[in-house]
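Q: Just passing along the structure, written as structure tokens.
The values are calculated or read from the model by the stated rules, or taken from the named source; none is laboratory data. All values reported here derive from a predicted model rather than from experimental measurement. All Cβ positions, even for glycine, are placed from backbone atoms using ideal geometry, and neighbour counts span all protein chains on display. Each accessible area value is taken on the protein alone, full model and side chains, heavy atoms only, with ligands, DNA and RNA left out. Shrake-Rupley method; radii C 1.70, N 1.55, O 1.52, S 1.80 Å.
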Amino acid sequence: MTKRILITACLLGLLTSFVVPAFAMGSDKVKGKGVITLRSGNTLTVKTSEGNFTVIINSDTKIQHGVGLTGVRKKQDTPDVLIPGLKMKFEGTGGSQENQVIAKEIEFDSDDLALAEVIQAGLNPISQQQARNMQTYTTNQAATEAEIAANKEQIAATDKEVKANQAQIDQVAKSTEQRINEMGEVVTKSQYTVLFATGDYSLSPEYKQGLSDLAKQATAYPKGWAISVAGYADSQGTAMYNQVLSRLRAQAVVAYLLQDCGVPVGRILAPGAMGETNPTASNESTSGRAENRRVDVKLLLNKGVAGGM
């Protein structure tokens with residue numbers, strides 16, 4: 001009986017020396033073994049059969065592994081070897097928090113270290129790729145945000161320009177209306193449309209001849225006539241660009257009438273840059289857009305003059 005009691009006592013003492021207290025706090029001596037799952041500076045998260053433990057290392061922590069066939073002889077190591085995936089034994093005192101250990105000794109097997117390094121080598125390219133992906137995402141996000149900010153500025157500038165051009169259009173319309181009112185009641189005697197290629201405002205020989213014919217018809221009247229010119233664009237491109245393009249088209253027609261056709265300056269009403277407004281056809285089709293890239297030229301006659309001819 002006495003012998004049985006002694007054996008039981010020895011076994012209990014042996015088990016107690018390897019059991020990690022469920023709540024290691026204060027100055028309690030703590031022993032345990034497990035796998036490092038995370039490292040942050042000098043703090044290790046170690047997964048054990050009793051749960052996760054926070055193992056803190058410091059300058060006094062002895063880190064070693066067995067060498068030789070028996071592993072009895074120990075070799076000292078630096079904290080760098082404590083990497084995620086390494087199986088290890090730790091011994092120390094309980095810290096101020098639950099399951100926290102201030103490590104005095106950490107021991108591991110060289111084969112386990114080799115295995116952990118292989119695991120890390122396999123994970124490293126993945127981590128690097130994740131880092132590259134994150135960097136690319138961050139760069140793209142910054143570029144996108146910068147582009148959005150630039151677009152907002154451009155939209156605001158375009159909106160301002162459109163409003164300014166609209167005011168100019170309104171002024172031209174008002175001026176034209178005033179000039180027509182001065183002429184009295186008028187009728188449209190002739191109308192000619194000049195068409196343009198995409199993004200272009202140059203006159204082809206065909207349209208120069210048509211404008212020349214209209215100018216000859218106009219200058220045959222001694223009085224009571226005027227020519228109105230209004231430029232347009234299709235909906236391709238920005239509103240600001242199309243506004244400018246419609247003005248250039250109208251100016252090209254006016255310049256030709258003045259310089260090549262001998263039309264007096266006072267007979268041409270202020271040319272209108274109408275932008276994308278008043279399309280004659282749908283901008284959804286190629287043929288429709290071709291019809292909208294135009295300048296409308298009208299020969300206006302005083303109704304009394306027209307009736308007397």
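Q: Out of residues 5 or more away from V186 or on other chains, whose amide H comes under 5 Å of its own, with H placed 1.01 Å from N in the peptide plane?
A: Sorted by chain and number, the residues that satisfy this are K303.
Q: Which whole-Hz ³J(HN,Hα) couplings does segment 98-113 yield from phi under the Karplus relation 6.51 cos²θ - 1.76 cosθ + 1.60, θ = phi - 60°, glycine and proline marked x?
A: 5, 6, 10, 10, 8, 6, 9, 9, 10, 10, 8, 9, 5, 5, 5, 5
Q: Cα centroid distance between segment 43-62 and segment 227-303, in Å?
A: 82 Å
Q: To continue, here is another question. Do any of K47/K75; K29/K89; K29/K75 go past 21 Å between their Cα atoms, and which?
A: Pairs exceeding the cut-off: K47/K75; K29/K75.
Q: Also, I was wondering about something else. If you rank D200, D234 by how much accessible surface each has, with a 1.4 Å probe, what is the order from largest down?
A: Ranked from most to least accessible, the order is D200, D234.
Q: Using a 1.4 Å probe on the protein heavy atoms only, what accessible surface does M240 show? Give it in Å² to the nearest 10.
A: We get 60 Å² for M240.
Q: If ligands, DNA and RNA are left out, what is the accessible area of T37 with a 1.4 Å probe, given in Å² to the nearest 10?
A: 70 Å²
Q: Next up: DSSP loop (so not H, G, I, E, B), at most 10 other Cβ within 10 Å: list which trypsin sites (Lys or Arg not before Pro) in segment 204-234 pass both filters.
A: Those that pass, being in a loop and sparsely packed, are K223.
Q: Would you tell me the accessible area of V265, worked out with a 1.4 angstrom probe on the heavy atoms of the protein chains, in Å² to the nearest 10?
A: Roughly 110 Å² of V265 is accessible to a 1.4 Å probe.
Q: Explain nothing, just the number: relative contact order of segment 232-298, from Cα pairs under 8 Å at least 6 residues apart, as a whole percent.
A: 45 percent
Q: From the protein chains alone at 1.4 Å, what is the descending order of accessible area for L115, L203, largest first?
A: Largest accessible area first, the residues go L115, L203.
Q: Now, a different point. Can you spot the aspartates and glutamates whose alpha carbon is less than 15 Å from K104's alpha carbon? Ignore those fewer than 8 places along the same chain.
A: D28, D60, D77, E91
Q: Considering amide H positions built from the backbone, and no H for Pro or chain starts, which residues 5 or more places from G32, or on another chain, come under 5 Å of its amide H?
A: The answer is F90.
Q: Based on the mean of other beta carbon atoms within 10 Å per residue, what is the order of 248-255, 106-113, 294-301, most packed first?
A: 294-301, 248-255, 106-113
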